[in-house]
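What follows is a short report on a single structure.
The values are calculated or read from the model by the stated rules, or taken from the named source; none is laboratory data. What you are looking at is a predicted structure, and each value in this text was computed from that prediction instead of being measured. A quick note on method: Cβ atoms are made from the backbone with ideal geometry, for glycine too, and the neighbour counts reach across all protein chains shown. These area figures cover heavy atoms from the full protein model, side chains too; ligands, DNA and RNA do not enter into them. Shrake-Rupley method; radii C 1.70, N 1.55, O 1.52, S 1.80 Å.
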Amino acid sequence: MLVLKVLGAGPLHGYAIAQRIHALSSEELKVEEGSLYPALQKLLVKGWVRASWSISGSGRRVRLYRLTSDGRKQLDHEIARYERMARGISALLEA
Amino acid sequence: MPRIGEWARRVWFLLTRRKRERELREEIEAHRAAMGEPLRFGNSLRIREEAMDSWGGRWIDAIFRDIRFSVRMMARMPLLTAVIVVSLGIGIGANTAIFSGFEELILDPIPGVDGSSRYLLIEPVTASGDYAGGASFPEYVDMREALASFRDLAAFRMVQVNVAGPGRTERIFAVLVSENYFSTLELSPSAGRLDFPADASGDAGVVISHSYGEREFGEATAAVGRIIEVNGRSVPIAGVTPKDFRGTVSGLAFDLWIPSALSGAIFPDSDETRNRSARGYSVVGRLDEGIPRGRAQEDLDRLMARLSSDFPSSNDGHTARILSFWRAPRGGGQFVLPGMALLQAVMIALLLAVCGNTANLLLGRAMSREREMGIRMANGAGRWHILRLLMVESLLFGIVGAAIGALLASGAAHALSNVRFSTLLPVRFDPAVDGLGLLFSAGLGVASALVFGMVPALHLAREGTLGIRTRSRREPHRARRALITAEAALAVSVLMAAGLFLDSFRQTLDTDPGFEPAGMLLASYDVSGSDFGQTLAPESGRNLLGSFTARLLEGLKSLPEVEAVGIAAFVPLDIHGLPMTRVRVEGYAPADPDGDLALTNVVTPGYFEAMGIPLVDGRDFSPLEDTTSPLEVIVNEEFARRFLSSNPAPGQIVVSGEERLRVVGVSGDSVYRSFSEPVMPFVYYSYRDRMRRAGQIHVRTRPGTESLLAPRVEQVVRGLDPTLPLFDVRTMIEHVETNQFLRRIPAQMFVVLGPLLLLLAAIGIYSVVAYSVSGRRSDIAVRLALGAKPDSLTRGIVAECFSAVGVGMAVGWMVVVVIYDHLSGGTYEPAVFVGVPATMAAVSIAAAWIPARKAMRVELPRLLNDD
């Protein structure tokens, strides 16, 4: 879900995704590369992201991931589910 | 929908795996380079592996790997692979061939007609429950009117006519049909029209087959409108059937269809379109959509009840049955189906024996792979993985075997369709391995793989680790003994069945037919088709016919090469069989109050000499011209034995129907309807007393020169009447061989399959013993060193193996005896019932003895070093 969200703004390559998640989460979340790449492959297989090779600003060859329309729908689903879950947990903790 | 896309992507990713792995590696390297602390990056290989795992469906990949591995394994043991795959191919092929035959007979009984299995027949049944021999034409017309549940009903009847085409005159089998025959079958012509015009005007034409059109006119379309002569009557060709259509009698192929409107013109003596007692028509049709057969049967029952009371002389007590087309009582199907069913059962047993043998061979190999499997398991391969690998192997064997089997069956079917089955009837049997047949082969391949693959797979998957060996020694041993027993039981059954088929064929070769086939030529004639025949009035014609027949005999006898000649109504060993009659002998009480049954034939003087049948008492018939002596018969020895208590026959009076006939001679017994039939009493009538328009000429000449006589015989006939065609000219040897064809085919199959099966069983036993003995080498070596005699050890091993084989053989033998007794209750040929088991026992012992003996040569010191 996190990867999908981060890609919502635009295509990124793997390192940039990890950086962005770290930055946007107020440095709370750190995605290890051991979990990032398997996750990216899973998103690819499910058809929620598409990947293509390109040249980065610093001239390196990088693989860019972008969100597909199915991926956008999936992101909405997962956010909705997460919010439901969070509400449920809050309700429980306040009870 | 997303699921399908996901699966497609999974497969695509797997197929392009190598490229993706490279890309991932590059990507991860770039990530690592971009990181400030490259050393903190995890194990690249593991990340890659895990990333690719998240594709899911790795098992597809695993299967591909298994397949590649299996293929390599199979290539490394070419001999074993060849034995397994070829033996499976033969087993599956034999089954597929017979299945295709069934498929053709039942699912596609009318080639050329779509959905022909939907067509049904209506067969009248007499009060006593027997088939009445077909419907009469008026009866058919009633059925057509009364049975609304059928879309339409057509009638057809097989007839023989003389046809004079542009090229020649010949006698062919044609079909007399109702006018709506082709429309009921929903056939479109390949040329001209197939709908016979409704009125019997002079313009009514006939329909010919596509192949006849091509044969006689060069091209089917050229035939339309041409005139041919049928039984002397000129008729135009109205249309040509589609290429594949050969008629509606299973197993026969026709060339001519005649509308019933023309039956009066072509068969002037016949009143069949009006006569309710003239039966012989088959009634065929399709039910309307959604109408159950039961309703049609009810309507039919009502109709037959009405006819029974309205027309008691022809229909008293008659009912009728609606049958699936393949059940036609007068079709080729009934002739071959029981034999085919038996063959199929035997072939399935053969396949099972092959499976058992394959399981044994694979189990033997499995034991040598225990180490390999142990290593795999130690490296983390689960039991499921091992099982999957072995099942993939087995399935691979099965599929390749099925492919070979389909090829073999196809080849066999092709060879079968080229065989000329009968010189008399237009028999055609054209099974082909089509899609359903291929599916059947594949199914058998998979099923066989499951059967023989289970055993070694389970054994190996049960294996714990490398170390435990003593336990494993016993378990596969039990399994292998069980397999050997099963295989022995199946093998002995199949071999005995093969022996019985071969024996039945041998009987047809060895049995003295009681007449001399060599040197005889046969030819048929029928004056009805000639100008002379057309002019014959039914009553006064008898004398003219008599003198014609007498002149024919004279003319033939005068040929210098002819040693003897006779004419008969029927030839023995013919598919049509011989007519039977009930007679009484004056002065003797018949065993059956209705009269004693005897086979009959009508013959001229000279017949017995021509056939080479001795006259053991009395004399031959009086000459045809002799009109003074009383009615005569000649009986055979069996008749005299049974009905005259062996008192001298000449002089006795036989009563047949209204006639009293005098026995003038006794003939030797001979083969009449089939080789295996026990001798029946026989009564020969004389042509003089029962003159006929048609006959079969029998001439005897020097053996080897029969066929040369054909043109001379034709000359004589033409000399008497140029419009009289001579047909079905063949030698007696050819005629007899035709009769044997039904037994010849399975016999030929088994001549090949039998020894192969025996060889397979031997290989199986050899491998079992070789393997079990190699595992016990240390044991044997120790015993030898301690002073045991090699001979007694060998005997022990062989005896142990033979006990398993022996039990299997005993079971199989008993099963065959029970089935044989139930089916035929024939004689127990010692060659089969003793010879086959004995041969198999000998082969088994030899197959066990050889490896056992080889094992005795083991040397102790070398052995101890081995492990």
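Quick notes on this one:
- Applied to the stretch B:132-142, the Karplus parametrisation 6.51 cos²θ - 1.76 cosθ + 1.60 on θ = phi - 60° returns per-residue 3J(HN,Hα) values of 7, x, x, 9, 8, 5, x, 4, 4, 4, 4 Hz, with x for Gly and Pro.
- Rounded to the nearest 10 degrees, the angle from helix A:33-46 to the longest Cα principal axis of chain A is 90 degrees.
- Placing a label point 7 Å from the Cα of residue A:81 along the Cα-to-Cβ direction, the residues of the stretch A:1-30 whose backbone N falls under 15 Å from that point are A:1-5.
- Shielding by partners - mean other protein chain Cβ count within 10 Å, residues of B:791-801: 0
- Pairwise centroid distance, computed over Cα atoms, of the stretch B:572-626 with the stretch B:756-813, Å: 63
- q = 0.10, 0.13, 0.16 Å⁻¹: log10 I(q)/I(0) that the Debye formula gives for the stretch B:684-776, counting C-alpha atoms only: -0.56, -0.72, -0.90
- Full-extension gain in nm, residue B:712 to residue B:629, via 0.36 nm per residue minus C-alpha separation: 26.6 nm
- Solvent-free Debye scattering, log10 I(q)/I(0), computed from the Cα coordinates of the stretch B:568-659 at q = 0.12, 0.20 Å⁻¹: -0.41, -1.18
- 19 Å cut-off, amide nitrogen to a point 7 angstrom out along residue A:70 Cα→Cβ, residues in the stretch B:51-70: B:52-58
- Surface accessible to a 1.4 Å probe, residue A:29 within the full protein complex, Å²: 80
- If the chain linking residue B:792 and residue B:106 were pulled fully straight, counting 0.36 nm for each residue of separation and taking away their Cα-Cα distance, it would gain 241.1 nm.
- Take the Cβ atoms of residue B:478 and residue B:222, set R0 to 60 Å, and the FRET efficiency comes out at 0.20.
- A simple spin-label model places the labels of residue B:214 and residue B:82 4.1 nm from each other, with each point 7 Å out along Cα-to-Cβ.
- Karplus-derived 3J(HN,Hα), 6.51/-1.76/1.60, for each residue of the stretch B:397-412, Hz, glycine and proline x: 4, x, 5, 4, x, 5, 4, 4, x, 4, 4, 4, 5, 4, x, 5
- Mean residue ellipticity at 222 nm, helices only, chain B: -17000 deg cm²/dmol; runs of at least 4 DSSP H residues each add -39,500 (n - 2.57), and the sum is divided by the number of residues.
- Förster radius 30 Å - calculated FRET efficiency between residue B:310 and residue B:288, Cβ distance, rounded to 0.05: 0.65
- Percent of Cα-Cα distances greater than 20 Å, calculated over chain A: 43
- Considering only the protein assembly as shown, percent of DSSP beta bridges that pair antiparallel, nearest 5: 85
- Between residue B:618 and B:666, the built amide H atoms are under 5 Å apart, and every one of these is 5 or more places off in sequence or on another chain.
- Radius ratio Rg over Rh of the stretch B:14-111, counting only Cα atoms, Kirkwood formula for Rh: 1.37
- Relative contact order, percent, chain A [alpha-carbon distance under 8 Å, six or more residues apart]: 30
- Simple label model, 7 Å out from Cα along Cβ direction - residue B:188 to residue B:828, nm: 6.3
- Potential extension, residue B:582-residue B:160 segment - 0.36 nm per residue separation minus Cα distance: 149.2 nm
- Applying 1/(1 + (r/R0)^6) with R0 = 22 Å to the Cβ-Cβ distance of residue B:244 and residue B:195 gives a FRET efficiency near 0.65.
- The alpha-carbon atoms of the stretch B:694-741, seen along their principal axes, cover 35, 23, 12 angstrom, with the largest extent given first.
- 5 angstrom amide H check on residue B:729, placed H, neighbours 5+ away: B:524
- Area of residue B:625 that stays accessible when all protein chains are in place (1.4 Å probe, Å², to 10): 110
- Length-normalised contact order for the stretch B:227-354 - Cα pairs under 8 Å, 6+ apart - percent: 19
- For residue A:64, residues with placed amide H under 5 Å, excluding near neighbours: A:52, A:53, A:54
- Taking label positions 7 Å along the Cα-Cβ direction at both residue B:597 and residue B:148, the computed distance is 4.5 nm, reported to one decimal.
- Across all directions, the average projected area of the convex hull around the alpha carbons of the protein assembly as shown is 63.4 nm².
- Shielding by other protein chains, A:15-28, mean Cβ within 10 Å: 1
- Prolate/oblate/rounded label for the stretch B:258-315 (Cα gyration tensor, a/c 1.5): oblate
- Antiparallel DSSP beta bridges within chain B, as percent of all bridges there, nearest 5: 80
- Ordering B:407, B:460 by accessible surface, largest first, gives B:407, B:460; the 1.4 Å probe counts only protein heavy atoms, with every chain in place.
- Sorting B:383-395, A:65-77, B:65-77 by their mean Cβ neighbour count within 10 Å, with the most densely packed peptide first, gives B:383-395, A:65-77, B:65-77.
- Peptide ranges B:285-293, B:763-771, B:86-94 listed from the most packed, as the mean C-beta count within 10 angstrom indicates: B:86-94, B:763-771, B:285-293
- Figure note: A:35, B:844 ranked by solvent-accessible area, largest first, 1.4 Å probe, ligands and nucleic acids not counted: A:35, B:844.
- Peptides ranked, highest mean first, by Cβ atoms within 10 Å: ranges B:805-811, B:490-496, B:787-793: B:490-496, B:805-811, B:787-793
- Per-residue mean of C-beta atoms belonging to partner chains within 10 Å, peptide B:43-53: 3
- Applied to the stretch B:314-319, the Karplus parametrisation 6.51 cos²θ - 1.76 cosθ + 1.60 on θ = phi - 60° returns per-residue 3J(HN,Hα) values of 9, 10, 4, x, 7, 10 Hz, with x for Gly and Pro.
- Spin-label zone in the stretch B:381-418 - amide nitrogen under 16 Å from a point set 7 Å from the Cα of residue B:458 along the C-beta vector: B:384, B:387-388, B:390-391
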